[in-house]
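Enquirer: The structure's right below; bear with me while I get my questions together.
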Amino acid sequence: MTPVGTAILGAGFSGLGMAIELARRGDRDFRILERENGAGGTWWLNRYPGCACDVPAHLYSFSFAPWPGWSRRYAPRGEIQAYLQALFESWALDHHTRFGTEVTAMEWHPSPGLWEIRAGDGRRWHARRVVLAAGGLARPAWPEIPGLDTFRGRAFHSQQWPSGEPLEDRRVAVIGTGASAIQFIPEIQPRVRALHVYQRSAPWVLPRRDRPVPGWRRRLYGRLPGLQRLVRWGIYWRLEPRVLGLVHHPALSFLHRSLARRHLKKQVPDPALRARLAPEHEMGCKRVLLSDDYYPAMTGGNVELVTEGIRRVTPDGILDDSGSLRRADTLIAATGFQATRPLPPGLVRGRDGLDLAQAWQDGPVAYKGTTVSGFPNLFVLLGPNTALGHSSVLLMLESQLQYVGQALAWLDRNPDRALEVRPGAQKDWNRRLQARLSTSVWNRGGCSSWYLHPETGHNATVWPGFTWQFRRGLRRFDPKAYLRPRIGRERAVSNA
Ligand code: NAP
C-alpha cells in the first residue's frame, strides 16, 4: 500500500487549517488522526460552564473563512466548535479523518524516508510528512498536592468537566484562578452551597464588555463580507499595539492597569476582599484575563477566597497552611496545562531515535516555531514561541499554515529529498528570540507562569513581537535553512 502524503495529528484549528491549506493547494493526499470523537480540538475538549474565547470572534476565526453568524462579541465554546464542524463538513474532510485514534508512537525511518505512526489500538500508518497539530494546551496539569488521590468526593480537571455534573447543593473547592476558572466560577457560584476558591496568585482582570451581536448586524455581515473584514481589521489594529507594553515598555500598559484597578474597585466594594484579589505581579506577566462577572461572583455570600497555601488534600476536603480544613464534596482543578512539556516521552522519535520530549526537556525549541532540528519532514503547528499575550493566536497559525504549505510543496517537487532544519538556523532564530524575551514582562514581570519552563526558566511559549513580524518571517519558505538529505528507496509499507 502506498504511504500517506501527509499525516496530520489533531483536528482542532491547527489540524483542520492544515487540511484546508492542502486542499486549497489541490493536495488531497492527507489523513487527519484525532484522539477525540469529533472535530474542534480544545473547543471539543473544554466543556466547562461558561467556556468561551476571550479574543473577539471576528479575529478568532480564519481570515479565509469569516463567519457572519457569531451571536456574541466573544464566541461561546459551542459556536466555535460548530464553526470548526462546519469547516470540516464544507471541506469534505470526513473521509480523510480517523476519529478515536490516539497516536502513541511515531518514528522516522530515513530509508525509505517515511514516518511510521502507531495508534494505541495497534493500527499503523506510514506518511512522508507529519504535521503535529496537537496544540500546546492539550495535556492537563494536575497540581502536585499531597493527598489528592485520597479525596473521597468528585475530583476533575476543568478540561475534563463531566457532562451534566450536578453541582447543586454541593460544597465545591476550586484550585486556580486562571483563564478557565474565571469563566466557570460565575456560572457555578449561584448553584452551589459553598464555593472555596484557592488562589495562589491573583490575576489581572479587565472588563470584557461582552454583548450579543444583533440579528440585523449579522445579516449585514452576511450580505457585506467587506464590512466584516473591516471590523476584523479594526480589532486587529486595536490589539496589535498592546504588545509594546509586554515586550518593550511595561509603563505603556498604564492605561490598562488603571482600568483593571477601577474595575476591581467598582465590582468589589469590600476593601479587605479587594486587597486579596489585587494582583502583585507586573501586568501581562501572566495572561491578562477579561471578565465582567468574575469579581461579582467572588462577592457572593456562599464564596470564600482562600489565599493561604494548600497543605494537603484530605478525604473530606482541603487543609490549608494555617491549619483550617474546609470540607468539600467536589474538587475542581483549574490548574492549566503542561505547556512547557507538551509531549509525553517516546511519542515522537526522529533521526537516530532522538526523542522529541527529551530534546525539549529544558523547554521546547524550534525554527520559526515550526520545524525542529533532528526531526526530518516534521512540522509543528502552534509550536514553541508562537503563543501571544495580546491578540489572536490564529494569526500566528495562518502564517505557519502557508509556510508549511510551501515546504510541503517543495517536498512534492523534490520527492527524493527530506527537509530537516539546520541546527545553526534553529540556534540563530532562538538566540534572537530569547534576546528579545529577556527584557519582556513575561520573563521579568515577577511571576511564575506557564510561559516559563518550571526548572530552567526558559520562555518556550510566547512570541515577543508583532504578529506581522512573525508573518513576515514565515512568508517565504527558505529551503537554504534546511538540510535536504537524499532519502532511501521506498519499500512496501502498510497503512491501517
Ligand atoms: P492557567 O492560566 O495556567 O491557570 C492555572 C491556575 O491554577 C493559576 O491560577 C495557578 O496559580 C493555579 N495553580 C496551578 N497549580 C497550582 C497549585 N499547585 N496550587 C494552587 N494553585 C495552582 O490555566 P487555565 O486557566 O486553564 O488557562 C490556561 C490557558 O488556556 C490560558 O492561559 C489561555 O491561554 C488558555 N485559555 C484561553 C481561554 C480563552 O478565553 N481564550 C480560556 C481558558 C483558557 P498561579 O497563577 O499562582 O500559577
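Enquirer: Relative to the present Cα-Cα distance, how much length would full extension add between E144 and L259 at 0.36 nm per residue of separation?
Expert: 37.9 nm
Enquirer: Just to check, using Stokes-Einstein with a Kirkwood Rh over alpha carbon pairs, what's the diffusion coefficient of region 113-160 at 25 °C and 0.890 mPa s in µm²/s?
Expert: Reported coefficient: 166 µm²/s.
Enquirer: Looking at the chain only, what percent of DSSP beta bridges run antiparallel? Nearest 5 please.
Expert: Just about 40 percent of them are antiparallel.
Enquirer: For region 300-374, rounded, prolate or oblate, judged on the Cα gyration tensor with a ≥ b ≥ c (square roots of eigenvalues), a/c < 1.5 rounded, else prolate if a/b > b/c?
Expert: Here region 300-374 falls in the prolate category.
Enquirer: Suppose we look only past 40 Å in the calculated P(r) of the chain. What percent of the Cα-Cα pairs does that tail hold?
Expert: Roughly 23 percent, rounded to a whole number.
Enquirer: For region 141-238, which GluC sites (Glu not before Pro) are both in a DSSP coil and crowded by at most 10 other Cβ atoms within 10 Å?
Expert: For GluC sites (Glu not before Pro) across region 141-238 that sit outside H, G, I, E and B with at most 10 neighbouring Cβ atoms in 10 Å, the list reads E144, E168.
Enquirer: Please flag any cysteine in the chain that has no other cysteine's Cβ under 4.7 angstrom from its own Cβ.
Expert: C51, C53
Enquirer: Could you check how many percent of all C-alpha pairs in region 143-195 are farther apart than 18 Å?
Expert: In whole percent, the long-distance tail amounts to 33.
Enquirer: Going by Cα centres, region 13-78 and region 175-240 are how many Å apart?
Expert: 17
Enquirer: Residue by residue through region 382-398, what is 3J(HN,Hα) from phi via Karplus (6.51 cos²θ - 1.76 cosθ + 1.60, θ = phi - 60°)? Round to whole Hz and write x for glycine and proline.
Expert: Coupling constants for region 382-398: 6, x, x, 6, 10, 6, 10, x, 9, 8, 7, 5, 5, 5, 5, 4, 5 Hz.
Enquirer: Explain nothing, just the number: relative contact order of region 5-102, from Cα pairs under 8 Å at least 6 residues apart, as a whole percent.
Expert: 37
Enquirer: Measure nothing fancy, just the Cα-based angle from helix 254-267's long axis to the longest principal axis of the chain, in degrees from 0 to 90, nearest 10.
Expert: Relative to the chain, helix 254-267 is tipped by roughly 50 degrees.
Enquirer: Working from the alpha-carbon coordinates of region 24-63, get Rg over Rh, Rh being the Kirkwood radius.
Expert: Using only Cα positions, Rg/Rh for region 24-63 is 1.08.
Enquirer: Now, a different point. May I ask for the percentage of alpha-carbon pairs in region 237-385 that lie more than 17 Å from each other?
Expert: 75
Enquirer: Inverting the mean 1/r over all pairs of different Cα atoms, compute the Kirkwood radius of region 368-473 and quote it in Å.
Expert: 14.8 Å is the Kirkwood radius here.
Enquirer: Given the -39500 (n - 2.57) contribution per DSSP H run of 4+ residues, what per-residue ellipticity at 222 nm results for the chain, rounded to the nearest 500 deg cm²/dmol?
Expert: -8500 deg cm²/dmol
Enquirer: Over the Cα atoms of region 317-441, what radius of gyration and what Dmax do you get, in Å?
Expert: According to the Cα coordinates of region 317-441, Rg and Dmax are 19.6, 67 Å.
Enquirer: Another question, if that's okay. Per 10 Å bin, what is the whole-percent P(r) computed from every C-alpha pair distance within region 258-310?
Expert: Spelled out per bin, shortest first, that is 20, 56, 23, 1.
Enquirer: Using only alpha carbon pairs under 8 Å that are at least six residues apart, calculate the relative contact order of region 351-476 and give it in whole percent.
Expert: 34
Enquirer: Would you kindly calculate the translational diffusion coefficient of region 5-51, applying Stokes-Einstein with the Kirkwood radius from alpha carbon pairs, for 10 °C and a viscosity of 1.306 mPa s, and quote it in µm² s⁻¹ without decimals?
Expert: Translational diffusion coefficient: 140 µm²/s.
Enquirer: Taking the simple approach of a point 7 Å from Cα along Cα-to-Cβ for both H249 and L273, what is their distance in nm?
Expert: If labels sit at H249 and L273, their model points lie 3.8 nm apart.
Enquirer: So the label point goes 7 Å from the Cα of L325 along Cα→C-beta, right? Which residues of region 297-319 then have their backbone N under 14 Å from it?
Expert: 311-319, by backbone N distance to the label point.
Enquirer: Hey, what did the chain get for relative contact order, percent, Cα under 8 Å, at least 6 apart?
Expert: Taking the mean separation of contacting Cα pairs over the length of the chain, I get 21 percent.
Enquirer: Could I ask something else about it? What list do you get for F156, F466 if you sort them by fewest beta carbons within 10 Å?
Expert: F156, F466
Enquirer: OK, next. Over every pair of different alpha-carbon atoms in region 53-186, take the mean of 1/r and invert it; report that Kirkwood radius in Å.
Expert: Computed over Cα pairs of region 53-186, the Kirkwood hydrodynamic radius comes out at 19.3 Å.
Throughout, read-outs are computed from the coordinates displayed, never taken from laboratory work. Computed from a predicted structure; not experimentally measured. Reconstructed Cβ throughout: ideal geometry from the backbone, glycine too, with neighbour counts over all protein chains shown.
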